[in-house]
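Heads up: the structure comes next, in structure tokens.
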Amino acid sequence: MNNDPQEPPKGDSINSFSPDSREKNHPVVLIVEDHDDTREMLTILLSSFGCHVVGAEDGERAMNVAERSRPDLILLDIKIPRLDGLAVARLIRSHPGLNKVPIVAVTGYGTPQYHREVLRAGCNHCLVKPIDFDQLEKLIEVLVRSAPRQATIRSRYSLVVRSKGVMCSYHFH
């Protein structure tokens, strides 16, 4: 339990920065991963690539962090608690302020059928664990650094999603 009200809850790491003031050379990458050690390892790696990293440990927090940080790229583990990665990808694709953000699915499943399912959910690419770091660096270069900067859209928006038999309601501001 987080006893310090000034610190974000575990798994909801977002450093203070203005989404409008970031540089193209330092893209913001949201890592959605439920394993602390994997999230930490990716944070160190992406920081060495020159990225500003924010993180979330489950699908629900991922949506909250994405709303606040407006990432340039999302690395999304598919098997995460609360909302699985496929549901998160669908939510992001339906969100007016986030729908253009590239999503790279990170999964342990390497079958072509599973990759098609991930792409149908709205992910741009699929990386199979263990992650090839050279391939990840190339994806960041292609998806983020060479892409034109998207304008930030602010709006009020509600969405209802059924995931794992549970109805969830999201309200975006």
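Express the carbon and sulfur contribution to the solvent-accessible surface of the stretch 80-119 as a percent, rounded to the nearest whole number, probe 1.4 angstrom. Provide the component values of the computation, followed by the final result.
Working: 880 of 1670 Å².
The nonpolar share, carbon plus sulfur, comes to 52 percent.
Counting heavy atoms of the protein chains only and a 1.4 Å probe, report the per residue accessible area for the stretch 25-82 as a whole number of Å².
It amounts to 35 Å² per residue over the stretch 25-82.
Please give the solvent-accessible surface of residue 41 in Å², to the nearest 10, using a probe radius of 1.4 Å with every protein chain present.
70 Å²
Please give the contour-minus-distance gain from residue 100 to residue 26: 0.36 nm per residue of separation, less the Cα-Cα distance, rounded to one decimal in nm. Don't jump to the answer; show the numbers that get you there.
Working: separation 74, 0.36 × 74 = 26.64 nm, distance 1.82 nm.
Difference between extended and current length: 24.8 nm.
Within the set of other residues whose C-beta is less than 13 Å from the C-beta of residue 107, count the net charge using Lys and Arg as +1 and Asp and Glu as -1.
-2
Give me the net charge for the shell around residue 44: Cβ to Cβ below 14 angstrom, other residues only, Lys and Arg +1, Asp and Glu -1.
Values: positive: 39; negative: 33, 36, 37, 40, 137.
Net of charged neighbours comes to -4.
Could you work out the mean projected area of the convex hull around the alpha carbons of the stretch 25-111, in square nanometres to one decimal? Before the final figure, lay out the partial values.
Numbers: hull surface 22.0 nm².
For the Cα atoms of the stretch 25-111, the hull's average projected area reads 5.5 nm².
The values are calculated or read from the model by the stated rules, or taken from the named source; none is laboratory data. These numbers come from a predicted model, not from an experiment. Here Cβ is always computed from backbone atoms with ideal geometry, including for glycine, and neighbour counts include all displayed protein chains. Remember, those area values only see protein heavy atoms, side chains included, never the ligands or the DNA or RNA. Shrake-Rupley method; radii C 1.70, N 1.55, O 1.52, S 1.80 Å.
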